[in-house]
1. What's the total number of residues in segment 176-227 that are farther than 26 Å from Val141 by Cβ, part of a helix (DSSP H, G or I) and either over 16 Å from the mean Cα position of the chain (by Cα) or modelled with pLDDT under 90 (or both)?
2. Among the residues of segment 127-163, count how many are acidic (Asp, Glu) and modelled with pLDDT under 85.
3. Among the residues of segment 61-75, write down those that are in contact (Cβ under 8 Å) with a residue 12 or more places away in the chain and not acidic (Asp, Glu).
4. For segment 120-134, name all the residues that are over 13 Å from Ala209 (Cβ atoms), surrounded by 14 or more Cβ atoms within 10 Å (Cβ to Cβ) and of a type in the set (A, V, I, L, M, F, W, C).
5. Mind counting the residues in segment 188-216 that are among the charged types (D, E, K, R), in contact (Cβ under 8 Å) with a residue 12 or more places away in the chain and closer than 20 Å to Ala56 by Cα?
6. Please name all residue pairs, on different chains or six or more residues apart, with Cβ atoms under 8 Å, provided the first residue is in segment 46-60 and is under 15 Å from Val216 (Cβ atoms) and the second residue is among the β-branched types (Val, Ile, Thr).
7. Exactly one of (1) modelled with pLDDT of 85 or more; (2) closer than 14 Å to His95 by Cα is unmet by Leu166. Its number?
Amino acid sequence: MMFCPSSADWGSVADWAGGLLTGAGIIAAVVLAGRPERDRRRQEQVARRALAQFTALKLRGMMSSVELIVGHFATSRPATWPDDARIDRWRWIKHPIGMEGDAAVRIEQSELLTFLDGGQAEFAGKLALYSRRYASLFELVREYRKMRSELEALPVENDDVDGTLLRGSVAWQPSARADALSAALEDEVTLIADRGAELIAEGNALAAAFTRSARVALKEPKFLVEG
């Protein structure tokens, strides 16, 4: 027997209209129910994208701070000083003042999660390590300032100081503490310079890989770091 319904089987126009309205209502309900979820996902993606941009900006600022510190402690010996004189480097480096404004900057856990959740665990780990080493560099600078302030407060035999730059002819009254601080300051200059150079290289590597890692983590092939 073939399927060939009679006109009675199709029902009236009113039946059809009612059925269509019911079907449309069901479809609308499904669409409306899914909209909040889509809106939530869209908002979360916008927030993650903005956080990645903020992290890139923060990394750029941290790199600039490192370069500032390295430049300060890499000051060359004054041309007026004899090359053959044995003078500790810290003596011609100005006392570092005003360098701790960015010391508290950190890459936060929420920023790392942007990359961890997006499958970029290796990049997130390097970013976290850079943040910790960045903090340790500022700790070295703080220690240097503390020791230098202590040494400058000790009695001197001759006071040849031009305000902020200690000349090579400054001599403290002989004491074990003066000798220890002078040696420690020289070691600290070397450590700060070496740590800073390492951070510059690490920062450049992170900056070069940032866009690619963010694109993968955000699933946005066209993501670009602004600025």
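The values are calculated or read from the model by the stated rules, or taken from the named source; none is laboratory data. What you see is a predicted model; the values in this text were computed from it and never measured. Positions of Cβ are generated from backbone atoms using ideal geometry, with glycine treated the same way; all protein chains shown enter the neighbour counts.
1. 5
2. Going through segment 127-163 one residue at a time, the tally reaches 5.
3. Gly61, Met62, Met63, Ser65, Val66, Leu68, Ile69, Val70, His72, Phe73, Ala74, Thr75
4. Of everything in segment 120-134, just one residue is over 13 Å from Ala209 (Cβ atoms), surrounded by 14 or more Cβ atoms within 10 Å (Cβ to Cβ) and of a type in the set (A, V, I, L, M, F, W, C), namely Ala128.
5. So the count comes out to 2.
6. Arg48/Thr114; Ala52/Thr114; Thr55/Ile107; Thr55/Thr114; Ala56/Val225
7. (1) is the only condition that Leu166 fails.
Okay, residues lined up against (1) at pLDDT 60 or above; (2) loosely packed, with under 10 Cβ neighbours inside 10 Å; (3) in a loop (DSSP other than H, G, I, E, B); (4) polar (S, T, N, Q):
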| site | (1), (2), (3), (4) |
| --- | --- |
| Pro5 | no, yes, yes, no |
| Gly18 | no, no, no, no |
| Gly25 | no, no, no, no |
| Phe54 | yes, no, no, no |
| Ser65 | yes, no, no, yes |
| Ile69 | yes, no, no, no |
| Asp84 | no, yes, yes, no |
| Ile87 | yes, no, yes, no |
| Trp90 | yes, no, no, no |
